[in-house]
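Before any comments, here is the structure.
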Amino acid sequence: IDYTQYKGKASGRGDPYKQRIYHIAVKDVDLAIVWPSAIVDREVYFKPVTRLVYWWSHGIPVIFYPTQSYAEISLALGYPLAARNIDEVLAWMEKLVENDHFRQEVSRIGLEGARQFSMEGS
C-alpha cells in the first residue's frame with residue numbers, strides 16, 4: 001500500500017500518533033498476502049502474529065506463509081489460508097473469489113482471532 005496517497009484524508013485532530021492513515025488505506029484492500037522476504041530459518045520461525053492480526057481486525061482475508069507462529073494461531077482458530085507456494089496462493093485466491101460464503105467465514109474467523117489479541121481479549 002502506498003500510504004502517501006492517503007495523507008490528506010488522514011490529517012486532523014485526535015490522531016497524535018498519526019495512525020489513522022493506516023486504517024483509512026485498508027478500505028482499498030480486498031486481500032492480504034503475508035509472505036517472508038526469504039525462506040530461511042530466522043524468517044520462517046520468528047514472526048510475530050501482529051501482521052496477521054492487523055488484517056484480520058479489518059475483516060480482510062489473509063493468505064500467509066505458515067511460519068511457526070502463524071501456523072500455531074491459524075491452527076488454533078481453524079483459519080485455513082496457509083500457503084507454502086505460489087500455486088497454493090492462487091488456489092486460495094480462486095476459492096475466495098468464487099465462494100462468497102467461504103470468504104465470509106474466513107473473515108469471521110479472522111475477526112474472532114483479532115478479538116483474542118485485542119486489549120479486551122488479552
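Once the chain from TRP35 to ARG103 is taken as fully extended at 0.36 nm per residue, the excess over their C-alpha distance is 22.5 nm.
Shown is the FRET efficiency for LYS27 and GLU94, computed with R0 = 22 Å from the Cβ-Cβ distance and rounded to the nearest 0.05: 0.40. Coupling constants for the range 105-115 follow from the phi torsions by the Karplus curve (6.51 cos²θ - 1.76 cosθ + 1.60, θ = phi - 60°), and in residue order they are 5, 4, 5, 4, 4, x, 4, 5, x, 5, 4 Hz; glycine and proline get x.
Just so you know, all these numbers are worked out from the coordinates, no wet-lab data involved. Keep in mind it's a predicted model, so treat the numbers as computed, not measured. Neighbour counts run over all protein chains shown; Cβ positions are idealised from the backbone, glycine included.
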